[in-house]
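The values are calculated or read from the model by the stated rules, or taken from the named source; none is laboratory data. Predicted model only: the values in this text are computed from it and were never measured. Here the Cβ is made from the backbone with ideal geometry for all residues, glycine too, and neighbour counts use every protein chain on show. To get the accessible areas, we keep the full protein, side chains included, count just its heavy atoms, and leave off ligands, DNA and RNA. Shrake-Rupley method; radii C 1.70, N 1.55, O 1.52, S 1.80 Å.
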Amino acid sequence: MAVCIAVIAKENYPLYIRSTPTENELKFHYMVHTSLDVVDEKISAMGKALVDQRELYLGLLYPTEDYKVYPSVPSRMFRKLHNSYTDVMCNPFYNPGDRIQSRAFDNMVMSMMIQVC
Amino acid sequence: MSVPDYMQCAEDHQTLLVLVRPVGGVSEENFFRIYRRICTVSHPGVRDSQRALCIRYRHHYPPENNEWGDFQTHRKVVGLIAVADCCSAKDWPQAVEKFHVQKEAYGATLYDSRLLVFGLRGELAEPPRPDVAFYPSYDDCATVEKRVEDFIESLFIVLESKRLDRATDKSGDKIPLLCVPFEKKDFVGLDTDSSPVSVLLGLKRHYKKRCQGRMRKHVGDLCLQAGMLQDSLVHYHMSVELLRSVNDFLWLGAALEGLCSASVIYHYPGGTSGKTGARRFQGSSLPAEAANRHRPGAQEVLIDPGALTANGINPDTSAEIGRAKNCLSPEDIIDKYKEAISYYSKYKNAGVIELEACVKAVRVLAIQKRSMEASEFLQNAVYINLRQLSEEEKIQRYSILSELYELIGFHRKSAFFKRVAAMQCVAPSIAEPGWRACYKLLLETLPGYSLSLDPKDFNKGTHRGWAAVQMRLLHELVYASRRMGNPALSVRHLSFLLQTMLDFLSDQEKKDITQSLETYTSKCPGTMELITLPDGLTLPPVPFTKLPIVRRVELLGLPASLRPQKMKSLLGQSMSTKSPFIYSPIIAHNRGEERNKKIDFQWVQGDVCEVQLMVYNPMPFELRVENMGLLTSGVEFESLPAALSLPAESGLYPVTLVGVPQTTGMITVHGYHTTVFGVFSDCLLDHLPGIKTSGSTVEVIPALPRLQISTSLPRSAHSLQPSSGDEISTNVSVQLYNGETQQLIVKLENIGMEPLEKLEVTSKILTTKEKLYGDFLSWNLEETLAQFPLQPGKVATFTVNIKVKLDFSCQENLLQDLSDDGISVSGFPLSSPFRQVVRPRVESKPVNPPESSRAGDFSHVKTLEAILNFKYSGGPGHVEGYYRSLSLGLHVEVEPSVFFTRVSTLPATSTRQCHLLLDVFNSTEHELTISARSNEELILHAGECQRMAIQVDKFNFESFPVPPGEKGQFANAEQLEEERREAWGLEINSKLDIRWRVPSLQRSGEASVEGLLNQLVLEHLQLAPLQWDVLVDGQLCDCEAAAACQVGDPVRLEVRLTNRSPRSVGPFALTVVPFQDHQNGVHNYDLHDTISFVGSSTFYLDAVKPLGQSACLGALLFLYAGDFFLHIRFHEDSRSKELPPSWFCLPSVHVRALEAQA
């Protein structure tokens, strides 16, 4: 079950972050933030090897005591998330770099968190 | 073994552990002085050998770790150097005692020991011991290093002997089983030799292999320590094989790790710890840059340092190739480490070993730049559960994790663990929380969260980094610095938090932060000073540029009345003297740029200047900004700070900051300072994002006086129509009757600090539809100027006459009347039959028009507006050529006084005179008297209309001076005509001198006919250019008085023509027609019997040139007595028709023929 989904801008700040146990949100913030090291590492490694062929799915970032952190969840779920993100980006009133404040995106994320177990 | 050494790295496996201990009253300082000197001897060369030794010094080592010395020999304390301080011989035995205690603690593993004694010179009675050295003092101990080297050599000898001892011990008779501490009890009572059961079960063989394997591994360790890398590799390999076969996992792990260590030492001679890069084999000539790479071709040819002899490389290459297989490739190292760690992890008691192995592997991976795998090792290390760690150990553990993450480039993880370590410093379980350490560690996490403490970094572009975690960190910094007892620091951090994270703070957080900030600043106000921390980090000041947010800064010019202006020089102010060209695109371009920067107005020294800021408050509550003032340079500036209170989430709000420049020059406004929540901020405009400014440099010119004017008239709320950019400082208004004159007394007060030396007054009448006659405003400046220079505080007066003379005609009505009364102005003589028609109109005629319609027309109030402009200067500003101007707006409401509803003329008896008939209408609500010239006053009641007749001499307009020539050049004929008529009007008016008076109001004024004189009237008032004189009997006949003559006598009749017109006229034919007026309307022309002409009754006049004269003579003979009139009639002729008929207005002659008196 997904407990936290975050969309990170390329400048390393969250465009969107949402977690289900809302009481300890900061913990997830830290978790996602520290995972970015791995994303950086993977991307820089990928940059050398595959320039064109973009692998959107980077795999498990790292397992922590309680959770596993994926840069994006595999398969169908990820596609849904990415499509939804694309929709947000297509919104002419969305300013790239702003926080995502879209109800549609919100609902999608919530459905993912509840549905997938 | 319970205390992990997080600093371990793979190459530590080749080191000999030497413990340096203080014994007997050595001060810490002195001990470390010696310790540092000892530490310099870390890679001593060994005599007669190419082998290198590495020594690891420790000043503290837990004895329980020493117990693992058999497991990995580098954990074994093999040497002990004790440092003792003996002031006198008395202390000596005590020192020796302690030395022995120390020796005993590590006795099982020690190869050798030394005691360094300071303060004694060996003046002891005892015989000198080889393991004791005496030094007189800490400064006089040059041989310490030498002695340490000797000591190490002795260690080497022991090591070498042990190695040879174990290595050659191949008999296999009885190899002792090496054990780690926790294994010992497992093997107690297990007699492996004699028990037949064990033999039966093959345990003996198993046990023997185990002993062999462990011993091999031990020998490998010794070889590695002794600098025989290749030998150690061989031993390790053998050990691995042996131990794998018996599933002795713990020792198998150790053997694998030994293999890894040896390979790492081989591949990375520069070391993996990353800190002591100089750690390498002595005599190694590898270039520094190669240190961190593994050697090229390491797999193919291996050069064994141990095989190096004085003769060079061992020629037996086959052996070397065989060894090449022994060394692990860099990839294999990691695999083997993984394997080793997995074996270690089977034993709970080997947690420290596992942890250290992980750390060592991470360091290797860091060098190999394989961050991902390194992170896996680290991740594993994080979850290795050791026994309950002390708080200090926890801190150490987290710090090391952080460092390792940093090492592999995982800055965020590093920061995370560092922060955890910081939090650990102040964990609630700690009795004395180390806030200082916590703070220091927190500061180190800043880069990991991409946070700098310089607010300038946040000015550009979007926010960088993860605001939520950054905010958390800043909160922690604030808290830690507060608990450290450094309020200035916490104020600085809190300000920084508020300033940079404002966009991310919720309303409640904003409130909370500002509240705590106010609490802090009440004790320690925030400043703009750089805070320097003890470790050299500086915290730049945090100006609150967002509290409030400034959107626009605009320097305001002085108000119009105070704005200095430059006197125009002859060359012209705007002329650029730099270039001879009037226009050049290059210059124009440059000027354009300059103009952007520079402001086109000036400020004046000593006068209050203003800068307007558009600000808004982003806070959800009222923001109190105190002490808001300007930051300037270039000119001494006295800033007058303001305090303001901005409502919550206010929109743009204008704020005006003021100050007084004290000197002259160019002043630049750099920014503003504020005090918000007790924090002083200097906000520089350059650093404000998204600010609009229209230049910030302005010239300050020398001081000028200030003039204040007050008038005798009431101020008015009327604002004049704005025109031509004149800004009016004061408006006054007055109500006048048309034609009235009023004095305006202006008080000029110098309210400045400089004497007022110059004053110029000009007036400007704002365009009005009304036609104005005469001077509206007139004044005499001399009297006022006589009071100059006007010192500060002094008052001068200045008088202006306001005279309003608008049109007195009542236009449409007038025209109408004239048209139906056209006859009255025709040029017929007095005795014309139409005179009777005209005459009745002369009598008084009360006007009883329908009040409603006419009143509206007459009571129409007209407005005149004018600006009086006072240009003044004085003081130093005058010297510089500046002046100020002050405008006084004048608003005059003109109420109608009298109207001339109709104008007409009547010929007088003399052709040189005529009567001007004016119908005067009193449009006031008061009784009014009107008089003209010397005539008696005519009384008019309110709304009454009366005709007044004024006898005037005809005017000779030709003799008037032509209006000034230059005007004529431009004006067309119409304008010329217009001007001429104005001049005539003026002349006529001055002759008429019509005045009115309202006795009840004590007001009087003039009335002017200028506006109502039309062409027709003017022609009648004009003296005809042809002047006709009729002389009867030599006497001029011009009036009604009859010329007397005697019946029977011929009377001479002369008609004289003087041509004053500019053209020649004539010739004319005149016929004298005599008649008798019976006074009853009957004219008797049939007088053939009574009058006889001597000669012809018709005269001919020749053409008369301009200014010429002509005359014709005739004679009359009256046969009977009586009153006769002579009418001189023109013969109609085409030419004379061109001239106006009024030119031919000949006087009629009245002759009274009397009976001859005998």
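Where in the range B:356-396 does accessible area fall by at least 20 Å² between the isolated chain and the complete protein assembly, at a 1.4 Å probe radius?
With the partner chains in place, the range B:356-396 has these residues losing at least 20 Å²: B:S371, B:M372, B:Q379, B:Y383.
To the nearest 0.05, how large is the calculated FRET efficiency for B:T527 and B:R552 if R₀ is 25 Å and r is the Cβ-Cβ distance?
0.35
Please turn the phi angles of the range B:481-488 into ³J(HN,Hα) values with the Karplus equation 6.51 cos²θ - 1.76 cosθ + 1.60 (θ = phi - 60°), one per residue in order, whole Hz, x for glycine and proline.
5, 5, 5, 5, x, 10, x, 4
Pulled fully out, how much extra length does the chain show between B:K764 and B:S778, if you take 0.36 nm times their separation in residues and subtract their Cα-Cα distance?
3.9 nm
Where the centre of each part is set by its Cα atoms, how far does the range B:422-480 sit from the range B:916-931, in angstrom?
Going from one Cα centre to the other spans 95 Å.
Quick check of the Kirkwood formula: for the range B:371-523, what is the inverse mean of 1/r over all pairs of different Cα atoms, in Å?
Every distinct Cα pair counted, the radius reaches 16.6 Å.
Collect residues whose amide H, placed 1.01 Å from N in the peptide plane, falls under 5 Å from the amide H of B:V700; neighbours closer than 5 in sequence don't count.
B:W603, B:G665, B:M666, B:I667
Put simply, what bits of the range A:24-46 lose 30 Å² or more of accessible area when the other protein chains are there, versus the chain on its own (1.4 Å probe)?
A:L26, A:H29, A:Y30, A:H33, A:T34, A:D37, A:V38, A:E41
Given the range B:743-795, what count of lysine pairs have C-alpha atoms under 21 Å apart, with each pair 8 or more places apart or on different chains?
Summing the qualifying lysine pairs gives 4.
Other chains' Cβ within 10 Å of B:402-410 residues: what's the mean?
2
Using the structure shown, select from B:K208/B:K338; B:K162/B:K418; B:K204/B:K360; B:K146/B:K369 the pairs with a Cα to Cα distance greater than 32 angstrom.
Checking Cα-Cα distances, B:K162/B:K418; B:K204/B:K360; B:K146/B:K369 exceed 32 Å.
I'd like the interface area for chains A and B: accessible area of each alone minus the complex, both sides summed, 1.4 Å probe, protein heavy atoms only. What is it in Å² to the nearest 100?
Separately minus together, A and B give about 2100 Å² buried.
Would you mind checking which residues have amide H under 5 Å from B:F621's amide H? H placed 1.01 Å from N; only 5 or more apart, or other chain.
HN-HN under 5 Å from B:F621: B:E649.
What are the ³J(HN,Hα) values, in whole Hz, obtained from phi via the Karplus relation 6.51 cos²θ - 1.76 cosθ + 1.60 with θ = phi - 60°, for each residue of the range B:254-269 in sequence order, with x given for Gly and Pro?
After applying 6.51 cos²θ - 1.76 cosθ + 1.60, I find 5, 5, 5, 5, x, 4, 4, 4, 4, 5, 4, 4, 6, 6, 10, x Hz.
Provide the three semi-axes, in whole Å and in decreasing order, of the ellipsoid equivalent to the range B:343-432 as defined by the square roots of 5 times the Cα gyration tensor eigenvalues.
Semi-axes from the Cα gyration tensor: 23, 18, 8 Å.
Mind pulling the per residue volume of the convex hull built on the Cα atoms of the range B:879-938? Å³ is fine.
That works out to 234 Å³ per residue.
Going by amide H atoms built from the backbone, whose H comes under 5 Å of the H on A:I8, apart from near neighbours?
Those lying under 5 Å, H to H, from A:I8 are A:L15.
Kindly state, to the nearest 0.05, the FRET efficiency for B:Q1046 paired with B:A983, given R0 = 51 Å and r defined as their beta-carbon distance.
For B:Q1046 and B:A983, the calculated efficiency is 0.55.
Return the sequence-ordered ³J(HN,Hα) values of the range B:92-97 in whole Hz as given by the Karplus equation 6.51 cos²θ - 1.76 cosθ + 1.60 applied to θ = phi - 60°, using x for Gly and Pro.
Values per residue, Gly and Pro as x: 4, x, 4, 4, 5, 4 Hz.
What percentage of all Cα-Cα pairs in the range B:30-112 are separated by more than 16 Å?
Summing the P(r) tail past 16 Å for the range B:30-112 gives 63 percent.
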